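Reviewing the structure listed below.
The values are calculated or read from the model by the stated rules, or taken from the named source; none is laboratory data. Predicted model, so just to flag it, every value in this text is computed and none were measured. Every residue, glycine among them, receives a Cβ derived from its backbone with ideal geometry; neighbour counts consider all protein chains shown. Please note that ligands, DNA and RNA were not included when accessible areas were found on the heavy atoms of the full protein model with its side chains. Shrake-Rupley method; radii C 1.70, N 1.55, O 1.52, S 1.80 Å.
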Amino acid sequence: MSNRRKDSVSSLERLEQIQYIDNLKNRIFKKGLKYHIVTYGCQMNVHDSEKLAGMLHEIGYTQTDDQRQADLILFNTCCVRENAELRVYGNVGALKSFKQANPNLIIGICGCMMQQNDVSEYIKSTFPFVDLIFGTHNLHRFPLLLLQAMDSNQTVIEILDTEGAVVEHVPAKRAKEVSAWVTIMYGCNNFCSYCIVPYVRGRERSRLKDDILSEIHELAGRGYKEVTLLGQNVNSYGKDLNHKYLFHNLLRDINEINGIQRIRFMTSHPKDLSDELIQTMAECDKVCKHLHLPIQAGSNRILHSMNRKYTREDYSGLVGKVKAVIPEIALTTDIIVGFPGETENDFLETLEIVEQVRYDSAFTFLYSPRKGTPAEKRKDQIPQDAKKDRLLRLNDAVNRISLEKNLAYIGRNVEVLVEGVSKNRTDVLTGRTDTNKTVNLKGDSDLIGKIATVEITNAHSWSLEGRVAVPADLL
Ligand code: SF4
């Protein structure tokens, strides 16, 4: 069955569900039911939660920030790190008293964690008050499963082992009003030896370009200024389709969409960073001059055992190419310390490449064994103390370089897309530069959604401070 055929079948399947659900909408509207979603993990999961929320609004639910007010509490889980898993179990366990106080409360758990062997059975036996469990491949069936859960005395479980089609027309209730996530592909083929994603999210499936472009046209029509294209391996977009329309082609088409002023994307794999993509980033004015390019480790021995498919020399060569073509590029990365077998010398090679590349920032992680991955079976695991020591030293280097790079912004005027009011201070606005630096500034809320010229007055490792250099009425 072709991708296009699979798409239409799945979309039709969803429409049928909606028609079925339509008959039950009154039941929810009349009672004024509220939902609360707790999301763990990456931006893909955050956007999946926006889709779950979109489906809930479609059938009449409204959102609440207060779990005690909620008639439905849903955990959208992540299994990439052990900590997040443990937090899910702790937080679900804490809801037992909620359920006792309100037997009509529906508790659901979905997302990557549910795709792992035995997790759903463990949850069912340990937390029998959970009403609904479903996985990543059937997210679009959520309303139907929810209604089954409402009518059942038992836990409703639906986990599909294999990925289904790419399903279009799932509504999303977007959390932001200026910047929107757009998933352009699902899954990953890379099987890095530490990573669970290919097992729980399936193989790479790209959305059709017309579906992506029409979603972005619609977002532009609704006033969105920025899109961030998402995929576990975003720059391999299109390789599962016909290889004639690839990621750089998509970027060029989005660059032509009126109203959209900035285009971001994540996460890129170094092996798929083509010359065409680098050239496209340089030539397309709306494509932000920021590249998140995970290196994970600086030692070839470790990169090989991680199955990353590049060497440190390959990676350095790519960075050199990018910096030559786009001198203003901001580079960020992901780094894992304490991978099985990592010696002090291997770690020093990671530190060395951090000093060479001089990343604008980095997400740094302690290696966490994930059940079912090749790295988890290795006998040469690194003691936790050694991992923590390496992480501290790595973070010192990363934060020092970030601060040095940010201090160089002081006194400069930069273009900031103002995204909203700061979470921490209601009298401060927040936005980002083209290079993905967070900038906090004083200013009128009229600035939200506009690109302001801002003079940078102060710098920290993770953010900049500034003041508007051009009055709002001149923008
Ligand atoms: S590229 Fe590697 S780390 Fe990233 S999702 Fe795929 S398997 Fe995981």
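Residues in the range 282-297 that are in a loop (DSSP other than H, G, I, E, B) and away from the ligand (no atom under 16 Å from the Cβ): Cys284, Asp285, Lys286, Cys288, Lys289. The set of residues in the range 101-121 that are assigned to a strand (DSSP E or B) and either in contact (Cβ under 8 Å) with a residue 40 or more places away in the chain or outside the structural domain of Met55 (by TED's automatic domain parsing) (or both) comprises Ile106, Gly108, Cys110, Gly111. Considering the conditions (1) open to solvent by less than 50 Å² (accessible area, probe 1.4 Å); (2) assigned to a helix (DSSP H, G or I); (3) under 25 Å from Arg264 (Cα atoms); (4) without any contact (Cβ under 8 Å) to a residue 40 or more places away in the chain, Ile401 is excluded by exactly one of them, (4). For the range 184-193, state whether one or more residues are near the ligand (Cβ under 10 Å from one of its atoms), within 30 Å of Tyr224 (Cα to Cα), in the same structural domain as Gly338 (by TED's automatic domain parsing) and open to solvent by less than 30 Å² (accessible area, probe 1.4 Å). Yes: the range 184-193 contains one or more residues that are near the ligand (Cβ under 10 Å from one of its atoms), within 30 Å of Tyr224 (Cα to Cα), in the same structural domain as Gly338 (by TED's automatic domain parsing) and open to solvent by less than 30 Å² (accessible area, probe 1.4 Å).
Where residues in the range 101-116 are aliphatic (A, V, I, L, M) and more than 23 Å from Cys78 (Cβ to Cβ), which of them is most open to solvent (accessible area, probe 1.4 Å)?
Applying the filter and picking the extreme gives Ala101.
For the range 55-70, a residue qualifies if it is open to solvent by less than 60 Å² (accessible area, probe 1.4 Å) and either modelled with pLDDT of 95 or more or touching a Cys at 6+ places or on another chain (Cβ under 9 Å) (or both), and the qualifying residues are Thr64, Ala70. Among the residues that make up the range 166-174, is at least one of them more than 29 Å from Asp118 (Cβ to Cβ), buried (at least 18 other Cβ atoms within 10 Å of the Cβ) and within 16 Å of the ligand (Cβ to nearest atom)? No: zero hits.
Here is a yes/no grid of residues against (1) farther than 30 Å from Thr430 by Cβ; (2) among the acidic types (Asp, Glu); (3) modelled with pLDDT of 90 or more; (4) outside any strand (DSSP E or B):
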residue	(1), (2), (3), (4)
Ile123	yes, no, yes, yes
His140	yes, no, no, yes
Leu146	yes, no, yes, yes
His169	yes, no, no, yes
Arg174	no, no, yes, yes
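Take Val421 and tell me if it is over 19 Å from Leu331 (Cβ atoms), surrounded by 13 or more Cβ atoms within 10 Å (Cβ to Cβ) and β-branched (Val, Ile, Thr). Against the criterion (over 19 Å from Leu331 (Cβ atoms), surrounded by 13 or more Cβ atoms within 10 Å (Cβ to Cβ) and β-branched (Val, Ile, Thr)), Val421 qualifies.
Residue count for the range 288-307 satisfying the condition of being farther than 20 Å from Gly320 by Cβ, open to solvent by less than 10 Å² (accessible area, probe 1.4 Å) and in contact with a helix residue (DSSP H, G or I) (Cβ under 8 Å, 6 or more places away or on another chain): 2. Within the set Thr343, Thr332, Thr350, the sole residue that is more than 14 Å from Tyr194 (Cβ to Cβ), open to solvent by 50 Å² or more (accessible area, probe 1.4 Å) and among the hydroxyl-bearing types (Ser, Thr, Tyr) turns out to be Thr343. Looking across the range 207-235, the residues that are under 16 Å from the mean Cα position of the chain (by Cα) and either open to solvent by less than 40 Å² (accessible area, probe 1.4 Å) or among the acidic types (Asp, Glu) (or both) come down to Glu226, Val227, Thr228, Leu229, Leu230, Gly231, Asn233, Val234, Asn235. Restricting attention to the range 431-452, the residues that are in a strand (DSSP E or B) and open to solvent by less than 30 Å² (accessible area, probe 1.4 Å) add up to 5. The residues in the range 247-268 that are within 16 Å of the ligand (Cβ to nearest atom) and open to solvent by 10 Å² or more (accessible area, probe 1.4 Å) can be counted, and the count is 3. In summary, Lys309 fulfils each of the numbered conditions (1) more than 16 Å from the ligand (Cβ to nearest atom); (2) more than 18 Å from Asp434 (Cα to Cα); (3) modelled with pLDDT of 95 or more; (4) assigned to a loop (DSSP other than H, G, I, E, B) with the single exception of condition (1).
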